[in-house]
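Some notes on the structure that comes next.
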Amino acid sequence: MINIRCETLADYTRIAEVNTLAFVQENEAKLVEEIRRSDRYISKLSLVAEVKNVVVGHILFSYIDLVGEKTLQVLGLAPLAVHPQFQRQGIGSTLIKVGLEIAEAKGETIVIVLGHPEFYTRFGFQPSIIYEIESPFPVPEDVFMVKPLQSYHQKYKGKVVYPPAFK
């Protein structure tokens, strides 16, 4: 049984551990810490997955900029991490689904992710180029993806600019 909930201060060490183990490096754990300290952090969209009261997964949606005619705040999904012993059990998928539901309920417009197309397309993500949204770095078109939410409007186009925490 998986329990999904918002992170708490008591979860921070375990979240860092899960990210470090999942990515086999500390970059993502440090990214989470940097975003938490920034004005782009959204507490309701930093979620943990628990199995038997132990945090085994984490997902973070935070604000990034979409620069076109105007600069608009949109959601970036990064990182998504599941402890290696709990991968391929639907935990990451559950975190994404719950996160997207919360984003919809908050009236957010669009979610942007850099990730594996085979995985993220299952949740409605499509190549960003379809929506005239440009990646800030050179990556294959199919790995930089967006998911428009119900509040999406065509004015959401331009180039993505990640905040300093992502540097």
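Starting from the Cα of Lys30, draw a straight line to each of the lysines and keep only those under 24 Å, dropping any in the same chain fewer than 8 residues away.
Lys44, Lys167
Please check: in the Gaussian network model of the chain (C-alpha springs, under 10 Å), which one of Arg36, Arg122, Arg14 has the largest mean-square fluctuation.
Looking only at Arg36, Arg122, Arg14, the largest GNM fluctuation is found for Arg122.
Which value at 222 nm does the chain reach when only helices count, each DSSP H run of 4 or more adding -39,500 (n - 2.57), with the total divided by all residues and rounded to the nearest 500 deg cm²/dmol? Don't jump to the answer; show the numbers that get you there.
Working: 4 runs with 41 residues, N = 167.
Mean residue ellipticity, 222 nm, calculated: -7500 deg cm²/dmol.
Could you work out the equivalent-ellipsoid semi-axes for segment 79-167, taking the square root of 5 times each eigenvalue of the Cα gyration tensor, largest first, in whole Å?
The answer is 22, 17, 13 Å, longest axis first.
Using alpha carbon coordinates only, what is the Rg to Rh ratio of the chain, with Rh defined as the Kirkwood radius? Spell out each step's value before the answer.
Details: Rg = 15.1 Å, Rh = 16.0 Å.
In the chain, Rg relative to Rh is 0.95.
Quick one: accessible area per residue over segment 14-167, 1.4 Å probe, rounded to a whole number of Å²? List each step's numbers first, then the result.
On the way: 7890 Å² over 154 residues.
Each residue of segment 14-167 exposes 51 Å² on average to a 1.4 Å probe.
At what distance in angstrom do the alpha carbon centres of segment 1-64 and segment 122-167 lie from each other?
Centre-to-centre distance over Cα atoms comes out at 22 Å.
On the accessible surface of segment 14-167, probed at 1.4 Å, how many percent belong to carbon and sulfur atoms? Each step should come with its number before you reach the end.
Details: 3990 of 7890 Å².
About 51 percent, which is the carbon plus sulfur part of the accessible surface.
With an 8 Å Cα cut-off and a minimum separation of 6 or more residues, compute the relative contact order for segment 56-166 in percent.
Working: 189 pairs, mean separation 34.7, N = 111.
Computed value for segment 56-166: 31 percent relative contact order.
Select from the chain the helices, each a whole stretch of DSSP H, whose alpha-carbon atoms run 20 Å or more along the helix axis and whose Kyte-Doolittle mean is at least 0.0; answer none if there are none.
In the chain, the long hydrophobic H runs are 91-105.
Compute the length gained on full extension between Ser43 and Arg122: take 0.36 nm times their separation in residues and subtract their Cα-Cα distance, giving the result in nm to one decimal. Kindly include the intermediate steps, with their values, before the conclusion.
Details: separation 79, 0.36 × 79 = 28.44 nm, distance 2.53 nm.
Here the segment from Ser43 to Arg122 would lengthen by 25.9 nm.
The values are calculated or read from the model by the stated rules, or taken from the named source; none is laboratory data. Computed from a predicted model, the values in this text were never measured in an experiment. These area figures cover heavy atoms from the full protein model, side chains too; ligands, DNA and RNA do not enter into them. Shrake-Rupley method; radii C 1.70, N 1.55, O 1.52, S 1.80 Å.
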